[in-house]
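So the structure is just underneath, and the comments pick up after that.
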Amino acid sequence: MQTTARVVVPIIVLVSVSLLLQGHNHPGGGFIAGVLTAVAFALLYAAYGLDYLDIGVLNRDVESGSGIFEQRTVRAYRRTFLLGLVLAVGSGLAAVALGAPFLAQTYRIVESVPIYHEIELASALAFDLGVYFVVVGALLTVISVVGGE
Amino acid sequence: MNQIVIAPLLVAVVAVVATLALGRRPALQRATSVAGAIVYAASVALLAWRVVLAPDAGPATYQSGGWPAPFGITLVADALSAFMLVLAATVGLWSVAVAVRVLDRENQRVFYHPLFHCMLLGVTGAFLTGDLFNLFVWFEVMLMASYVFVAFYGGAKHTAGAFRYLVPNVVGSAVMLLGIGGLYATVGTLNMADMARRLADPAAYGIDVAPVVGLSAFVLATFALKAGLVPFQFWVPSAYRAAPLPAAAMLAGVTKKVGIYAVIRLYFTVFAAAGLDGATLPGTGVGITGDSPLAFLGPVLLAMAVASIAVGGVGAVGRETVDELLAYSSIGQVGFIALPVALAASAPSGAVRRAAVAAALVYALHHALAKGLLFLSTATVRGATGTTRLSELGGLGQRSPVLSAAFLVGSLSLVGIPPLAGFFGKFLVFEVAARHFATVPTAAAAVPLAAALVGAVLTIVYITRTWIGGFWGTQTPQVGQATVDPVQVGLLAALAAVILAAGVAFDPVYRFATAAAEAALDRGAYVDLVDPAPGTTLLAAGTGAGGALGSSGGAARPDRAGERGAGTENGNRPADGGEGT
């Protein structure tokens, strides 16, 4: 299982990022990308245990004492959730500030970028990114709190 | 583009984010929450001014994201939405203000305020949206928050109450989704105005109208569940007892009314357009009586309303705690709101129908204010004495005359004593029931009137019981040692003054309610306001084919699905922002 996780997790994360970036024109988007990223984390948790992120990746001790809800990683997840909410709502409000309807979107094609030649920059990406963070933050909070009990 | 239409929604969502972000600064979080509710109330007041009260007032729409009407999500602020929003804002403002004073500081920090504003957000969205699926989404937003409120204290009793609340509501939401999906498949649109327009002329769009009755019944069942009407009332008492009392004031005062609002909006504004001549119930060959799903709604809702009045009233009489008594009472009172709606559905003429819907709205406003005041007073009583058992209370009238006076105002309004708002609510409901009996003087037509009478007597009985048990008599030790917070008492007195003012200066309230009823019944104006037509000219080819197929039978469905798909493709790139409408 650990071997599989090592191979599969990077692929899952890559797919989730590509789904996030193409979401405004093609199948995909912030929600499904967030779910996939959370799945990658869940796979790591299942294969390596709940403390792997602290010990194996970030190379620090697991906090003890305070409730699971106040642990460093869970707090970080909750902050991710909040950041996503701020991004998503902020991207909608930005449109209002510019005199457009709430959540109105626009896009711009950036020409002559190396390798890609042209890139489409869509304002919808900000909203999608917000949704992505909300989903990742919420799911990982749930997974680690429920998993910790 | 009129940004004021979406303002209450934005205020609520910003308040959610702000209170969530300030979780580590409890004092600031509380202040932000109250400020959010005040700004919300201000934005609702401004909206109501622009839509109804100002000399040049008129309803307004908002195409979110700049997408044109039948494809994007339309927000509609007409008199009916504005009326319900005013109701929600008033109760919400007092609920959060009292919560800040009553609830334990630590408990407030644990997501109370974000949840509160989330619930307000859901309620606001449900009142404003002009899209059927979006209505479902706002219902869910509201329900998610209310689930957590019911499970807020996390004890065994609260978890049981939350479970009893969660399971039927999740099933209800699934049923509602089924109904909405079916309606989309049948009518080919989710926009309410577009749906009304298509149902008014089903042949042109190849719509088979008969399934609309059954599908709308699916949706009705869910709305009745949310409103806590019999036979879906079983979740109400345990949920209201488990939730923090200021949140229970919101649940009883506001979220129940969302179910009633949805019935009025969908049946009177949307489904009433469907003509059903000659349609039969499948398999039975029995003709569906009446000319629209509205005629089907009448008797069903009437039975629910009468049963609710009986069950709620009888249930409330025997309760031992004030909060449980109020929970049962609100089952009965929602019956009083549903009664005129049911009579409006079977009303013969437009004027009678309008009067009946206005009566329902006035009663809804009165009940939200009075029941809100009573739940909040109970919260203060529990905060001061630590109990809501009638056997452990007594002599509160002596201990805190102002608190008791506020409770008395709420009680008397519930009973229907002039000059309080409740008098007019009850008076109008009785008038509607009596007029119904006068037009058809049969034994069956007397049932609503008799039910209302019995319900009124039962209200007097349980209110008297609470008053004698809790506020008169000798002081119990709990009451004797209680310290009553003067700020809470001040807030309650102010809400009592609002109820008194709504009764004394009833004329503007009634005119507002009549305008709201007018808006609910005036289908043509609603359709013209949202104006889904430009989107369909965009798709002239698709619609034309649909019409042609439709006339040859019911085979037009895939075509219509394609139509919507084509629409989203065509509109895929709304030009840089503000072009919309």
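The values are calculated or read from the model by the stated rules, or taken from the named source; none is laboratory data. None of the values given here were measured: they were computed from a predicted structure. Cβ coordinates were reconstructed from backbone atoms using ideal geometry, including for glycine residues, and neighbour counts include every protein chain displayed. With ligands, DNA and RNA removed, areas are computed over all heavy atoms of the protein, side chains included. Shrake-Rupley method; radii C 1.70, N 1.55, O 1.52, S 1.80 Å.
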**Options B:547, B:470; residue that is among the small types (Gly, Ala, Ser), in the same structural domain as residue B:423 (by TED's automatic domain parsing) and at pLDDT below 90** = B:470
**Message:** With surrounded by fewer than 24 Cβ atoms within 10 Å (Cβ to Cβ), assigned to a helix (DSSP H, G or I) and touching a Ser or Thr at 6+ places or on another chain (Cβ under 9 Å) as the only criterion, which of B:217, B:221, B:204, B:196 stands out?
**Reply:** B:204
**Message:** Which of the helices (runs of 4 or more DSSP H) found entirely inside region B:52-130 contain at least 1 residues meeting this: within 16 Å of residue B:41 (Cα to Cα) and open to solvent by 10 Å² or more (accessible area, probe 1.4 Å)?
**Reply:** B:79-102, B:112-128
**Prompt:** So is residue B:14 more than 11 Å from chain A (Cβ to nearest Cβ) and more than 30 Å from residue B:198 (Cα to Cα) or not?
**Reply:** no
**Item:** Pair list, Cβ < 8 Å and 6+ apart or interchain, from region B:300-321 residues that are assigned to a helix (DSSP H, G or I) to residues that are charged (D, E, K, R)
**Value:** B:317/B:465
**Prompt:** Which one of B:377, B:346 is out of contact with any His (no Cβ under 6 Å at 6 or more places or on another chain), among the hydroxyl-bearing types (Ser, Thr, Tyr), over 21 Å from residue B:422 (Cα atoms) and assigned by TED's automatic domain parsing to the domain that holds residue B:487?
**Reply:** B:346
**Asked** What do you reckon, is residue A:134 over 22 Å from residue B:72 (Cβ atoms), open to solvent by 60 Å² or more (accessible area, probe 1.4 Å), in a helix (DSSP H, G or I) and within 13 Å of another protein chain (Cβ to nearest Cβ)?
**Response** no
**Asked** Yes or no: residue B:95 under 26 Å from residue B:383 (Cα atoms), more than 14 Å from every other protein chain (Cβ to nearest Cβ) and in contact (Cβ under 8 Å) with a residue 12 or more places away in the chain?
**Response** yes
**In region B:347-384, the residues that are in contact with a Lys or Arg (Cβ under 9 Å, 6 or more places away or on another chain) and more than 26 Å from residue B:86 (Cα to Cα)** = B:347, B:383, B:384
**Asked** So which of B:359, B:370, B:316, B:351 ends up being out of contact with any Pro (no Cβ under 7 Å at 6 or more places or on another chain) and either open to solvent by 10 Å² or more (accessible area, probe 1.4 Å) or more than 19 Å from residue B:461 (Cβ to Cβ) (or both)?
**Response** B:351
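Quick grid of which residues meet (1) open to solvent by 70 Å² or more (accessible area, probe 1.4 Å); (2) free of Cβ contacts under 8 Å to residues at least 60 places away in the same chain; (3) aliphatic (A, V, I, L, M):
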{"site": "B:425", "(1), (2), (3)": "no, no, no"}
{"site": "B:430", "(1), (2), (3)": "no, yes, no"}
{"site": "B:434", "(1), (2), (3)": "no, yes, yes"}
{"site": "B:453", "(1), (2), (3)": "yes, yes, yes"}
{"site": "B:470", "(1), (2), (3)": "no, no, no"}
{"site": "B:484", "(1), (2), (3)": "no, no, yes"}
{"site": "B:498", "(1), (2), (3)": "no, no, yes"}
**Prompt:** Given the residues A:93, A:98, A:87, which is the only one that is modelled with pLDDT of 80 or more, farther than 30 Å from residue A:49 by Cβ, open to solvent by 60 Å² or more (accessible area, probe 1.4 Å) and within 12 Å of another protein chain (Cβ to nearest Cβ)?
**Reply:** A:98
**Asked** Is there a residue being away from chain A (no Cβ under 13 Å), surrounded by fewer than 19 Cβ atoms within 10 Å (Cβ to Cβ) and farther than 26 Å from residue B:82 by Cβ anywhere in region B:29-39?
**Response** yes
**Request:** Determine if region B:61-78 includes at least one residue that is touching a helix residue (DSSP H, G or I) at 6+ places or on another chain (Cβ under 7 Å) and without any contact (Cβ under 8 Å) to a residue 40 or more places away in the chain.
**Result:** no
**Message:** With the requirement that a residue be facing chain B (nearest Cβ under 9 Å), of a type outside the set (S, T, N, Q) and open to solvent by less than 70 Å² (accessible area, probe 1.4 Å), what does region A:101-121 give you?
**Reply:** A:101, A:102, A:103, A:104
**Identity of the residue in region B:385-423, of a type in the set (Val, Ile, Thr) and more than 29 Å from the chain's Cα centre (by Cα), that ends up most open to solvent (accessible area, probe 1.4 Å)** = B:402
**Prompt:** residue A:55: hydrophobic (A, V, I, L, M, F, W, C), under 25 Å from residue A:32 (Cβ atoms), open to solvent by 50 Å² or more (accessible area, probe 1.4 Å) and away from every other protein chain (no Cβ under 14 Å), yes or no?
**Reply:** no
